[in-house]
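The values are calculated or read from the model by the stated rules, or taken from the named source; none is laboratory data. Quick caveat: nothing in here was measured; it's all calculated off a predicted structure. For neighbour counting, all protein chains shown are included, and Cβ atoms are generated from backbone atoms with ideal geometry for every residue, glycine included.
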Amino acid sequence: MFENQEISKVIGSGFWERLLKSMDVLNIVSKSRKWQISSARLLPGLAMFILFSCQKENPSEIPEESYQTTPYELNIPEGFPDMEVPVDNPMTVEGIELGKRLFYDPILSADNTQACATCHNPGFSFTDNGKKFSVGIDGIEGARNAMALINVGWMPELFWDGRRLSLEDQALEPVPNPIEMHQSWPNAMSKLNVHPEYPDLFFKAFETRNIDSTLVTKAIAQFERTLISSNSKWDRYLRGEAQLSLAENKGFEIFFTERGDCFHCHTTILFTDNLFHNNGLDAEFTDKGLFEVTGNENDLGKFKTPTLRNLVFTAPYMHDGRFTTLEEVVNFYSHNVQWSPTIDPLMKKVEQGGVQLTDEEKEYLVAFLKTLTDTTFINNPDYADPFE
Amino acid sequence: MVFATVVVLSSCSKNDDDVNPIPADVQPVIVLNHTIGQETVVFDTIKYSNNFGNVYSVATLKYFISDFTFHKSDGTEVKIDEEYYVDGRENSTINYTPMVKIPAGDYSSVSFTFGIDSTKNKTGRYTNPPESNMEWPIPMGGGYHYMKFEGKFNRNDTIKNFQCHLGPTMGNPNYFEVTLANSSFTASGNEVKITIQMNLNNWFGSPHVMDLNDITGIMGNQQIQLMLKANGVNVFSLKSIE
């Protein structure tokens, strides 16, 4: 769906080999990963080139004030996938700073009461303060649970139904949305353009004082790409810096074997395959999920697999926030899975209602899920409200 | 995304060729046809019958093939040390153009590995999707699935799921070599196109007749893995070389 988008890649590096060595599970093969590395060398180079050539092409238009952005070097944690960054929106220190400010600024809502951060609160791993549904500025409640913004830079499709294909594109939606910030973009633009500080901040980031919605969404997307969580207990365990308790270890095995069979969708390091599945919540659908976007009967009731990182901060769970605790979630996967024609073929023992974990196994699994908690992520000063 | 990467690559290798031309090499192109019997697979419809008598659908077909090898009658061979990921639902993945070419000349047969051999199949080899989503978790031995072939079948009027997941159960070498029958050919010109048919029904057909009711939760079941491995060599056949 995104082949035609120009991208540059920021490359992660292979730490699994070292992990395995440290865990002494398997022999290590040193592997060249030649194609990944060659694309890494090429594409960021390309992005840089485009940047420079832009500057050179319009020498007469360079204003007297100096415009000099500082390229931001995205630090991809070891073992994480390459991150695709649009070539026309390279990350800069100035762009990210501006994006953060916009993310926290209620100026983007019609009555200056609601910011992105109102519904995506960092203390709740960028979800809406434990609410089932968010309420827009006009007091109207939505019908879907606000999603956690964790490692969103790796998500090729955004929203529960995947209707937006880039963070830039996604950020266009909440501002005019009548049940969210409910402000037309032209209105938002005129507020920003007469603001005492924003025109200068946009100049620093994008070399223009002429603010438009494209630049606003570019800045916000740059900030969102920095929202990386890779320091949970589980990550530290993989790096050999922490030990799992007996219960956590047993939960790890339930998760990563067919006993619980969670890994097929909540895959590896991101804890999501970023694909769409019907995991059997309902036999009939009020919210039709991916079907709303594709119109394909086979997509009825499919939703994007959410990450499981930082679950302890992101309750309630599922697209409609129907479960308030992890115990309820694990009970569901054990005994209450519902059959429907589009149920994912990966779901096991559907006719029995699910994977049939015992009470003890459920406790282990929940203990493991809690090892995905990353408090350094929610307390990261780089993500914090700049107005406080 | 992977395809973008591949494009970058093939353009790299082309550049290399310009600098360092190796004349008369022929580009192999491998085309994969996924069928039930002779019929091209239509996904998501419960209408196919296997030898056991299950009536089933195909929802997912993702797999790795690797190490394509071109044998000569004098016993020498040209081996392409690459793995290739196929998603039967993505037409862009069913034509595999390896990054290297083979010398022109006569070949007596073509073989390849289904799955990934165990020296290469180690957790961490792929960090990017879609390949990384094939992970075979560390508590099950680590590495990557060779294949995810999933669907639904009708059992006494109940629709059930099956997951034919093949891989290195606890490190067992469950990959296998397939030598295509009647695959001698002469490589000449720019390109040789090798069309291979994968008849999905044969996974459950011979020598072991399998009931889809048993094809669930099999990643830890080495006995079933071995039966599927034995059936697997009968899944592939050569359709054409031109």
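Odds and ends about this structure:
- Restricting the first member to segment B:153-179 and to residues that are under 17 Å from A:Asp344 (Cα atoms) and touching a residue at least 40 places away in the same chain (Cβ under 8 Å), and the second to residues that are of a type in the set (Gly, Ala, Ser) and surrounded by fewer than 16 Cβ atoms within 10 Å (Cβ to Cβ), no beta-carbon pair is closer than 8 Å while six or more apart or on different chains.
- A:Asp169 being out of contact with any helix residue (DSSP H, G or I) (no Cβ under 7 Å at 6 or more places or on another chain) and in a helix (DSSP H, G or I): yes
- Residues that are within 14 Å of chain A (Cβ to nearest Cβ) and within 16 Å of B:Val29 (Cα to Cα) within segment B:97-121 comprise B:Thr97, B:Pro98, B:Met99, B:Val100, listed in sequence order.
- Cβ-Cβ under 6 Å pairs, at least 6 apart or on other chains, segment A:272-299 side farther than 21 Å from A:Leu149 by Cβ, far side of a type in the set (Phe, Trp, Tyr): A:Asp299/A:Phe291
- Segment B:122-148, subset under 17 Å from B:Gln222 (Cα atoms) and within 20 Å of the chain's Cα centre (by Cα), residue nearest to the other protein chains (Cβ to nearest Cβ): B:Gly142
- Of the residues making up segment A:138-145, none is under 25 Å from A:Thr226 (Cβ atoms), assigned to a strand (DSSP E or B) and free of Cβ contacts under 8 Å to residues at least 40 places away in the same chain.
- Any hit, segment B:195-214, residues being free of Cβ contacts under 8 Å to residues at least 60 places away in the same chain, closer than 22 Å to B:Asp67 by Cβ and surrounded by fewer than 18 Cβ atoms within 10 Å (Cβ to Cβ): no
- Of all residues making up segment A:133-180, the number that are β-branched (Val, Ile, Thr), out of contact with any Gly (no Cβ under 9 Å at 6 or more places or on another chain) and more than 23 Å from A:Thr373 (Cα to Cα): 3
- Restricting the search to helices (runs of 4 or more DSSP H) fully inside segment A:233-320 and requiring at least 2 residues that are more than 17 Å from the chain's Cα centre (by Cα) and surrounded by fewer than 18 Cβ atoms within 10 Å (Cβ to Cβ) gives A:246-255, A:291-294.
- Matching residues, segment A:333-366, being closer than 19 Å to A:Cys265 by Cβ, among the aromatic types (Phe, Trp, Tyr) and either at the interface with another protein chain (Cβ under 8 Å from one of its Cβ atoms) or touching a helix residue (DSSP H, G or I) at 6+ places or on another chain (Cβ under 7 Å) (or both): A:Trp339
- With respect to the stated conditions, A:Asp105 fails to be surrounded by 15 or more Cβ atoms within 10 Å (Cβ to Cβ) and farther than 19 Å from A:Ala221 by Cβ.
- Failed item, numbered, when B:Asp214 is tested on (1) within 14 Å of chain A (Cβ to nearest Cβ); (2) out of contact with any helix residue (DSSP H, G or I) (no Cβ under 9 Å at 6 or more places or on another chain): (2)
- Residues considered: B:Ser118, B:Ser111, B:Ser66. Of these, the only one that is over 11 Å from the mean Cα position of the chain (by Cα), closer than 26 Å to B:His208 by Cα, modelled with pLDDT of 95 or more and not in a loop (DSSP other than H, G, I, E, B) is B:Ser111.
- In the set (1) buried (at least 20 other Cβ atoms within 10 Å of the Cβ); (2) touching a residue at least 24 places away in the same chain (Cβ under 8 Å), B:Thr127 fails one condition alone, (2).
- Of the strands (runs of 3 or more DSSP E) lying entirely inside segment B:158-242, those containing at least 2 residues that are within 20 Å of B:Lys62 (Cα to Cα) and of a type outside the set (D, E, K, R) span B:158-166, B:176-179, B:191-199, B:236-241.
- Within segment A:359-380, the residues that satisfy the criterion of being part of a loop (DSSP other than H, G, I, E, B) and either within 11 Å of A:Ala247 (Cβ to Cβ) or not acidic (Asp, Glu) (or both) are A:Thr371, A:Leu372, A:Thr373, A:Asn379, A:Asn380.
- Hey, A:Gln222 assigned to a helix (DSSP H, G or I), more than 27 Å from A:Ile140 (Cα to Cα) and touching a strand residue (DSSP E or B) at 6+ places or on another chain (Cβ under 8 Å) or not: yes
- Check on B:Tyr107, closer than 20 Å to B:Leu61 by Cα and crowded, with 16+ Cβ neighbours inside 10 Å: no
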